[in-house]
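The values are calculated or read from the model by the stated rules, or taken from the named source; none is laboratory data. The structure displayed is predicted, hence computed values, not measured ones. Cβ atoms come from the backbone with ideal geometry, glycine included; neighbour counts cover every protein chain shown.
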Amino acid sequence: MNIRITVSPSLAAPRLPPSVSLAYAAGMFDGDGCIHIAKQKKSTAKRGHIFRLVSTLAQNHLATLIDFQELVGVGGRIYQQTRTGSQNKDTYSLVYDGDGAAEVIRRLLPYLLRKLDEANVALMFQDGCEIHRHFGRKGCPESIWKQREAHYRKLRNLK
């Protein structure tokens, strides 16, 4: 069971110049971050599932995740992961979903190295696949659905 931690980062007073802040945050994200397109089962969806963009950053130091939010200027959701028998420390995940995930990726994009290809695919998915559009009872057109599936597979294959 994950516990959501409510933290209000002070996004008003950055401690570093913006370009340095983003470069530092990108280095953290390159090492400990994850970009993925979630394929989520949904019984009301015509094809039985939907897609959504998610980016996460995992740490065992809560203050680091709070710092990350302040550095990028985008607030996310922080969850405390439940400990397993082999863990000696608490772990936390900072989760960005949908537009928040895309915004974090856009801000970090010029500074990413390891995750650059994944970031580009994620942004193509978010911007080009009409993710926010609801097509009604007939469902998503086949051409757009194929684009969504292709981006999902491409990002999965980059891992």
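Listed conditions (1) surrounded by fewer than 16 Cβ atoms within 10 Å (Cβ to Cβ); (2) modelled with pLDDT of 90 or more; (3) of a type outside the set (Asp, Glu) are all met by Leu53, apart from (1). Of all residues in the range 28-40, those that are farther than 12 Å from Arg156 by Cβ and in contact (Cβ under 8 Å) with a residue 40 or more places away in the chain have Cβ atoms under 8 Å from Cβ atoms of residues that are loosely packed, with under 14 Cβ neighbours inside 10 Å and of a type outside the set (Phe, Trp, Tyr), 6 or more apart or on another chain, in Asp30/Leu113; Asp30/Arg114; Gly31/Arg114. Just checking, which of Gly27, Gly75, Gly48, Gly31 is small (Gly, Ala, Ser) and at pLDDT below 85? Answer to the check: Gly48.
Based on what the data block shows, is Val95 under 25 Å from Ile3 (Cβ atoms), touching a Lys or Arg at 6+ places or on another chain (Cβ under 8 Å) and not charged (D, E, K, R)? Taking the combined requirement at face value, the residue satisfies it. Pairs are defined by a Cβ separation below 6 Å, a sequence spacing of at least 6 or placement on different chains, a first member in the range 125-137 that is in contact (Cβ under 8 Å) with a residue 24 or more places away in the chain, and a second member that is buried (at least 19 other Cβ atoms within 10 Å of the Cβ); the pairs so defined are Phe125/Ile37; Phe125/His151; Gln126/Leu53; Gln126/Ala102; Cys129/Arg148.
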